[in-house]
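Accompanying notes for the structure given below.
We did not get these values from a lab; they are worked out from the coordinates using the rules stated. Fair warning: this is a prediction, and the values are worked out from it, not measured in the lab. Neighbour counts run over all protein chains shown; Cβ positions are idealised from the backbone, glycine included.
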Amino acid sequence: MDYHRTSVDDILPQGQSLPGRASMDPNPAGQRPPRHELPAMDADAFHSASTRILTAINTVIDGKAEAAKLALTVLLAQGHLLLEDVPGVGKTLLAKTLGRTIDCSVSRIQFTPDLLPSDVTGVSIYNQATRTFEFRHGAVFANIVIGDEINRASAKTQSALLECMEEHQVTVDGTSYRLDEPFMVVATQNPIEMEGTYPLPEAQRDRFMARISMGYPDRESEMEMLETHQASSPLARVTAVVTAAEVAAMIATVQQVYVSRSIKEYTVAVGRATRESGYLRLGASPRSMLQLLRAAKATAALEGRDFVLPDDVVSVAEAVLAHRIILDRKAASAGETPQSVIRAIIAKIPVTPDVTASPNGTGRPARKASAMAAAPSPKLPNPR
Amino acid sequence: MTLAPQRSHGSGTGTAGTEEPTVLPSGAASRPDTRGAQPWVMAAAVAVAVAGAALGFNGVLRGWAWYSPVFSTVLSVAFSLAVLRSLRARPWLVTAGGLLTLIVAVTFIFFRQHSIAGFIPSPETMNYLGKFLRRASETVLAESTPVAPNAGIVMLICAVLGLLVILIDALAFPLALPATSGMGILAILVVPAMVKPQSVGVLGFVGAAVGYLLILGCSHWYTPDTRTLADTARNPGQLRRGAVTAVAALTLTLVLQLVIPGFDQGTFPQGSRLNPFGGATGLNPMISLGTSLRSPSGEGRITFATNAPTTPYLRSVTVDNFDGDSWSPDDRESSRQPGTGRIEAGHEAAPAEIRVLTAVNTGQYTSPYLPAPYAPEAVNGLSGRWSWDPATLSIKGVDTNSRDQQYVVSSVTPQLTAALLAGASGPVRGVPEQFLREPSNVPEVVRSTANTVTAGANSPYARAMAIQRYLRSTEFSYSLQSPVQGGYDGNGLSVLADFLIQKSGYCIHFASAMAVMARLEGIPSRIAVGYAPGRPTGATVAVSGQGPLPEFEVDARDAHAWPELYFQGIGWVAFEPTPSRGVVPAYATDASAPSGASTNDRNDALTPGDGSTQAPFPIPVPVPVPGAGTAAPGGAQAAQVLYGVAAVLLLALLVASPRLVRSGVRRRRLRTADRGYPGATGGTALPAWAELRDLATDYGMAPGASETPRHFSERLRASEAMAEPGVADGPGQRAAAALTEDFEREQYGRPGGAAGPARNAGSAGSAGSDDLVDSAAARVALVQASLRANAGFLVRLRAAWLPPSVMSGWRRSLQLPRGILSRTAQRTRRGFAGSWGKIRNSVRRVRRR
């Protein structure tokens, strides 16, 4: 992709088009095979399905409703999720619960330094009986793949998984095998400062739609957890509440959520601001803009709307963007975090259009946006 | 796929500043780093400042003809400085080059014929330079403003202004003291401020101020002071702070003059120059008489009603010291008598007298001296303290001036006849010596003329009549312009000599000629300054005990000077040597004296005809003590009241205008919003949303620029501005929620799907839309009622009369010109730099060959 010619169209999902071209076929024949044959759900069915999933997750993990919702958002937006936090706060539990609530195939890979790529993708084995090579599917052949402690594997193995994530297919010995839909990788990792970890390179982090930090539960939640989860694993009580077909229909619904031109402009403004900010060594990629918009669509659908609001973009921006950007050294030494920089940038982007100031023109706010993004945040130290 | 290119360039929204690498300090991003245009812009700023301040010289020099050489000099010097600087010459070379250009320019303009090749000074040039400088110094010393722009003084001004360009440039540029360069501009302004009666004048002040601000702005633009840079690149608060400072300073100035006692009154009402509401027009004896006479507008109107048989001259002050280059009234403060109830001439009076009562209203006329008919006996109805001079009977304010005075003068006019005067041949006694003293350096032409004219006359009266006859003869002509053209406008003995040779001038020349010649002939004399009789207004004024008296008016065009000569046993007698002005008294007429021809058409019309000078009331009634008359003209007061009412109305309009604007905007929006609002077709929720935002702004809940509509709406609904704490579902809140939802649906929703139902009940605030009225106007009204109900008194007041939503818009539009200016400046700078670079490159290419 040529980054020098970024435009609104480049970062739009294939099915989305500008309002002027709204009547066009969202999936032009021949360009890409439709992933989901299932029709979209109606609003009530979508709402009930999403409520069921979230309720189920919340019975298992106490006080993490936000994380659960974000995980569902990523699933519906066809992205992959990276759970990053210190050991023992429920990363794997969340991933497992999400898999268990959906009636679909779930596989789990415990990443270790000696894990081989073929363990992930599968391997061709010579069958003595038939005297042929036959392909034995790897762990990645499932609807939901839980990659535990992904940063403990070697870079080679990580890459194998990441290729599957991007392509939704596995190629072994010249033969491509399509992965099932829906397909979602939920990877967990410890913060990179921990011992025995291979940090994910930027390029690979970029393939995860969102990164969530679990965080410690609050006092009440922790007390309740001690009360209820003492005897048995809470996971045992969880049963599937939706089918894979329902999830696919939900995904189709999310894809039909409408994105207006001003939302696209707002998203582009956010992306440009991260690239022009003086505090970031690496800004958000155009791919991340695409994923930001998808996540916003899923959020809108979960909120019961068939169109995206700026609030949807704002609510997912931190999770979607923070793990892709790299702080400037000075900002890092000033104690800034990627999250705080993203928040500061969002706080400066005017929500277009400003109906009071300029009822029709979007030129002025857009100009203002880039100017404001270039200006340092009052909170941050002067980068000079 | 590579992540190496971190930034996207050139999709059009980036400004010049943002194209710099973002990892660099972004505060410096919008600073210009090309300085190609700097010398040009700076030189232009300096030229504007000097040329602008030089506008104040209009009035010191007459007319505008002098401005073109001045302008050319300033421009050429500034241009040469800019050229040298853009060629990166050393600072001292730049200054030297500027000086050289100045010399060449001045030589070219003034000494073209007397120099080598028209611009290189030669020894001959030096001779002429000396001559010009002498002429200039004579002008400065001898003439009163406005002086005729002779070559000497203009050359001097050109040279000085050229030097100042170099000085200001040096201060602002290599020395980097742009604020100090204001001293140079001040030096220019001081001259008109001190010399001109009306101070610097608006033009000069505005020109200087604009230029100074340009210098400051340009220096700051190119070499920004880091101390004044806040956290943002262009420091947007600067303009606001500047405006606040300016308003505070202006307010202080206006208030201070009310607080300082005597600031705008008293003998020298300097403060009244600042009076913005009315021009204080006085009769500056001598200095501005010519100006007053030439004034086309007739300011300083005085009305008076009198029962005199002939319309009297109003006399204000006398001049009796003819020494020196310029004459001024003699103030013998020590011998002045306080109080005007009883004024005594203290010398012999004529045998027959008539008493005259005159009610005067001075209006805007501002002078320390009181205009009164001669010879006043008592003045009643004055405000403030006044004193009178026994020698001249001039009445002068002690702590006040003549502005807005209404008073009644009781005066005594001697009944004079030619025979009576002819008999007054006795030697003069009892007259102060100052009226007899011959001026020290009388020009020869005056003395010889006096001798020639009075040859053969043996009595003082005969000599006086001879002088008057001579001055009224056809040899002399009345002209306001010829003294200006001849360079002898004004007064003084040298002017007098010029006048006697040119034989053309106006009243001050005729009067002084007669007065000086009379002294040479031994007759005590003085010059009276005041007003010629003027015109009847047609109105009558009731003065107590008199019945209605005819009213007359005089203004600046009637300003006049005439000689008064003393005759033993009779007293001071006025003569009228000025042709076509005033009225020749009966005792001073002789059949053979022809009236001089006037070269000034306008003043012919002003000459009172016989009709007006004939007394409408032939019987003079002696009045013992006149009471304070009702002469105070109601007209002026009515006008003041009218002005006051108008000012109050204007103020009210100004205060109300934010309110008017706000309600106008609201009405327009709601009309648009309600057009087909309930249905999905054609209606639009945007105006109602804008109205909601403005309403919130008015009540202190302004939406942030980066705040999403939903967040803003939730904040508004949850705030105390909208509801009591704890109330979450008031009608106002539901109305606001409905407005928000409509806006979101229209702004962000699928086009054409605006009427679609919300997906589920979780959608914020949609539940209330059923029981709510369906009109946007009604919803807005609900929100407004809720906001009003919860706001404090002051907030309500502000929302009604100074709504922040309107005021912030005004502030924005105030800042708009600045943005346009800076953009234009940027473009100009780039253009200049580009073209200059091209020129320089081509020059280099040519040189290399």
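So what does log10 I(q)/I(0) come out to for segment B:371-507 at q = 0.20, 0.21 Å⁻¹, using the Debye formula with one equal point on every Cα and no solvent?
Values returned for q = 0.20, 0.21 Å⁻¹ are -1.19, -1.20.
Using the scaling law 2.2 N^0.38 Å as the reference, what is the normalised Cα Rg of segment A:152-269?
Computed over Cα atoms of segment A:152-269, the ratio equals 1.45.
Determine the shielding of peptide B:702-712 by partner chains: average, over its residues, the number of Cβ atoms on other chains within 10 angstrom of each Cβ. If you can, show how the numbers build up before the last one.
On the way: counts 1, 3, 4, 12, 12, 6, 10, 5, 7, 5, 1.
For this peptide, the per-residue mean of nearby foreign Cβ atoms is 6.
Quickly work out the B:Val190-to-B:Ser335 label distance, labels modelled 7 Å from Cα along the C-beta direction, and quote it in nm with one decimal.
Those two pseudo-labels are separated by 3.8 nm.
When ranked by the protection proxy of mean other Cβ atoms within 10 Å per residue, highest first, what sequence do the peptides A:278-287, B:523-532 form?
The densest-packed peptide leads the list: B:523-532, A:278-287.
Which whole number in µm²/s is D for segment B:346-439 by Stokes-Einstein, with the Kirkwood Rh taken over Cα pairs at 4 °C and 1.567 mPa s?
85
Stretched out fully, how many nm does the piece from B:Glu720 to B:Leu93 gain, at 0.36 nm a residue minus the Cα gap?
Taking 0.36 nm per residue and subtracting the Cα distance, the gain is 218.8 nm.
By count of other Cβ within 10 Å, fewest leading, how are A:Met214, B:Met155, B:Met194 ordered?
Ordered by Cβ neighbours within 10 Å, fewest first: B:Met194, A:Met214, B:Met155.
When the chain is fully extended, how far beyond the present Cα-Cα distance does B:Arg796 get from B:Thr251, taking 0.36 nm per residue of separation?
193.4 nm
Can you flag which of A:Lys91/A:Lys348; A:Lys297/A:Lys348; B:Lys196/B:Lys396; A:Lys64/A:Lys156; A:Lys64/A:Lys264 are past 28 Å Cα-Cα? Before the final figure, lay out each step's value.
Details: A:Lys91/A:Lys348 33 Å; A:Lys297/A:Lys348 22 Å; B:Lys196/B:Lys396 23 Å; A:Lys64/A:Lys156 33 Å; A:Lys64/A:Lys264 30 Å.
Violating the 28 Å Cα-Cα cut-off are A:Lys91/A:Lys348; A:Lys64/A:Lys156; A:Lys64/A:Lys264.
Can you tell me what percent of all Cα-Cα pairs in segment B:38-227 are more than 26 Å apart?
Value for segment B:38-227: 32 percent of Cα pairs lie more than 26 Å apart.
Thinking of segment B:446-577 as a set of Cα atoms, what percent of all their pairs are more than 26 Å apart?
That tail contains 32 percent of the Cα-Cα pairs.
Please give, to one decimal in nm, the separation of the simple spin-label points placed at B:Gln434 and B:Met807, each 7 Å out from Cα toward the Cβ.
Going from the B:Gln434 label point to the B:Met807 one covers 6.0 nm.
When DSSP beta bridges are limited to those with both residues in segment A:39-256, what percentage is antiparallel, rounded to the nearest 5?
So the antiparallel bridges in segment A:39-256 amount to around 35 percent.
Could you estimate the translational diffusion coefficient of segment A:39-256 from the Stokes-Einstein equation, with Rh from the Kirkwood formula over C-alpha pairs, at 10 °C and 1.306 mPa s, in whole µm²/s?
87
What order, most packed first, do the peptides B:812-824, B:120-132, B:372-384, B:391-403 have when packing is the mean number of other Cβ atoms within 10 Å of each residue?
In descending order of packing, they fall as B:391-403, B:372-384, B:120-132, B:812-824.
If you take the square roots of the eigenvalues of the alpha-carbon gyration tensor of segment B:53-127 and sort them as a ≥ b ≥ c, do you get rounded (a/c under 1.5), prolate (a/b over b/c) or oblate?
The shape class here is oblate.
Tally Lys and Arg at +1 and Asp and Glu at -1 over the other residues with C-beta under 12 Å from the C-beta of B:Tyr313: what net charge comes out? Please report the intermediate quantities before stating the final value.
On the way: positive: B:Arg315, B:Arg581; negative: B:Asp558, B:Glu564, B:Glu576.
Within the 12 Å Cβ shell, the charges total -1.
Using Cα pairs closer than 8 Å and at least 6 residues apart in sequence, work out the relative contact order for segment A:39-256, in percent.
34
Is there a simple number for the mean count of other chain Cβ atoms within 10 Å of the Cβ of residues in A:47-57, and what is it? Display every interim value, and only then the final one.
Values: counts 4, 1, 0, 0, 2, 0, 0, 0, 0, 0, 0.
Mean partner shielding for this stretch: 1.
Quick check: pseudo-label points 7 Å beyond the Cα along Cα→Cβ at A:Glu134 and A:Thr337, how many nm apart are they?
In this crude spin-label approximation the distance works out to 5.1 nm.
Arranged by the count of other C-beta atoms within 10 angstrom, fewest first, what order do B:Glu438, B:Glu433, B:Glu691 take?
Listed from fewest to most nearby Cβ atoms, that is B:Glu433, B:Glu438, B:Glu691.
Going by how many other Cβ atoms sit within 10 Å of their own, how do A:Lys297, A:Lys64 line up, fewest first?
A:Lys64, A:Lys297
How high is the FRET efficiency between B:Ala539 and B:Ala586 when r is their beta carbon distance and R₀ equals 45 Å, given to the nearest 0.05?
With R0 = 45 Å, the Cβ-Cβ based efficiency is 0.95.
Would you tell me the mean number of C-beta atoms belonging to other protein chains that fall within 10 Å of each C-beta in A:305-315, as a whole number? Before the final figure, lay out each step's value.
On the way: counts 10, 7, 9, 2, 9, 9, 9, 3, 1, 5, 1.
Taking the mean over all residues of the peptide, I get 6.
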